[in-house]
Amino acid sequence: MLLTQDEHLPTAKLCAPPWTVQGSGYVVLLRAGQLSDDELFVPPSLRGKRHGETLSLLFFDYASTACGPYRELIVAAVFDFAEGAFSSITRAYTSTHDAVANSRHHWGTPKDHAEIAVERPSDKRDQVVVRREGHVVAELDLEHSGLSIPVTTSVLPADLRTMVQHWRGEQYSLTLNAKGKMRLAKLKRANF
């Protein structure tokens, strides 16, 4: 399901985990009941194992990571694994080759490189355009509002914070920990 195989990637710097990242982002929950496994780029080992109809669309703008700043757009869904139901990334576009290589190597995530531009027409609005080889892959118009409240994932059970990936015959598992502030946001327009 990769658009660029490892052997065709530029040389990249691998940075050992664990990573501490800082940045901002949006999490959009979508109904995806009518989308097929093919349309969601589900790997063969997870076909027919989607758990529920919810799909997560995540945009992150990382100001600081172990391999430098980068942006990414991720599509993830919940699947039934032998150990339980966990989120798994089915498609991701990342703005640097270092982030692509590290994500594939350390966490088994199917990331590909793309140009990701963000325009901020106001301090509450982000317009994201993802391009790959000159073609627009996605356009998002996002707006946040209201008060921000502190949030931490430490109050959630580990199972709800764990992502599992099937990659080249291996299973990778990553339990996320995060703290920061959150507020409501609206997806005003999207084009894929």
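The values are calculated or read from the model by the stated rules, or taken from the named source; none is laboratory data. Every value quoted in this text rests on a predicted model; they were computed, and no experiment measured them. A quick note on method: Cβ atoms are made from the backbone with ideal geometry, for glycine too, and the neighbour counts reach across all protein chains shown. Please note that ligands, DNA and RNA were not included when accessible areas were found on the heavy atoms of the full protein model with its side chains. Shrake-Rupley method; radii C 1.70, N 1.55, O 1.52, S 1.80 Å.
Cβ-Cβ under 8 Å, sequence separation 6+ or interchain: first residue in segment 124-143 and at negative phi, partner among the charged types (D, E, K, R) and in a loop (DSSP other than H, G, I, E, B). Which pairs?
Once the first residue is at negative phi and sits in segment 124-143, its partners that are among the charged types (D, E, K, R) and in a loop (DSSP other than H, G, I, E, B) give GLU143/LYS124.
Only one of these is within 24 Å of VAL21 (Cα to Cα), under 17 Å from the mean Cα position of the chain (by Cα) and either of a type outside the set (Gly, Ala, Ser) or at pLDDT below 95 (or both): VAL130, VAL155. Name it.
VAL130
Of everything in segment 35-56, what is under 24 Å from GLU139 (Cα atoms), free of Cβ contacts under 8 Å to residues at least 60 places away in the same chain and not β-branched (Val, Ile, Thr)? Give them in sequence order.
Matches in segment 35-56: LEU35, SER36, ASP37, ASP38, GLU39, LEU40, GLU53, LEU55, SER56.
Just a yes or no: is a residue in segment 35-57 surrounded by 15 or more Cβ atoms within 10 Å (Cβ to Cβ), within 23 Å of THR152 (Cα to Cα) and of a type in the set (A, V, I, L, M)?
Within segment 35-57, one or more residues are surrounded by 15 or more Cβ atoms within 10 Å (Cβ to Cβ), within 23 Å of THR152 (Cα to Cα) and of a type in the set (A, V, I, L, M).
From SER145, SER173, which residue is open to solvent by 60 Å² or more (accessible area, probe 1.4 Å) and under 16 Å from the mean Cα position of the chain (by Cα)? Write out each step before concluding.
On the way: SER145 fails: under 16 Å from the mean Cα position of the chain (by Cα).
Exactly one of SER145, SER173 is open to solvent by 60 Å² or more (accessible area, probe 1.4 Å) and under 16 Å from the mean Cα position of the chain (by Cα), namely SER173.
Output the number of the condition that GLU139 fails; it satisfies all remaining conditions of (1) among the charged types (D, E, K, R); (2) closer than 24 Å to LEU40 by Cβ; (3) modelled with pLDDT under 95.
Single failed check for GLU139: (3).
So if I check each of ARG120, ARG132, ARG168, ARG104, which one is charged (D, E, K, R) and within 21 Å of VAL28 (Cα to Cα)? Walk me through how you get there before you give the answer.
Numbers: ARG132 fails: within 21 Å of VAL28 (Cα to Cα); ARG168 fails: within 21 Å of VAL28 (Cα to Cα); ARG104 fails: within 21 Å of VAL28 (Cα to Cα).
Only one candidate qualifies: ARG120.
Consider VAL100 carefully, then state whether it is open to solvent by less than 40 Å² (accessible area, probe 1.4 Å), outside any strand (DSSP E or B) and out of contact with any Cys (no Cβ under 9 Å at 6 or more places or on another chain).
Here the answer is yes, as VAL100 does meet what is asked.
Go over the candidates MET182, MET163 one by one and state the one that is part of a strand (DSSP E or B), within 28 Å of GLU53 (Cα to Cα) and either open to solvent by less than 50 Å² (accessible area, probe 1.4 Å) or out of contact with any strand residue (DSSP E or B) (no Cβ under 9 Å at 6 or more places or on another chain) (or both).
Of MET182, MET163, the one residue that is part of a strand (DSSP E or B), within 28 Å of GLU53 (Cα to Cα) and either open to solvent by less than 50 Å² (accessible area, probe 1.4 Å) or out of contact with any strand residue (DSSP E or B) (no Cβ under 9 Å at 6 or more places or on another chain) (or both) is MET163.
Can you pull out every residue in segment 62-86 that is assigned to a strand (DSSP E or B) and among the hydroxyl-bearing types (Ser, Thr, Tyr)?
TYR62, SER64, TYR70
Among the listed residues ALA117, ALA190, which satisfies the condition of being open to solvent by less than 60 Å² (accessible area, probe 1.4 Å), farther than 29 Å from HIS51 by Cβ and assigned to a strand (DSSP E or B)?
ALA117
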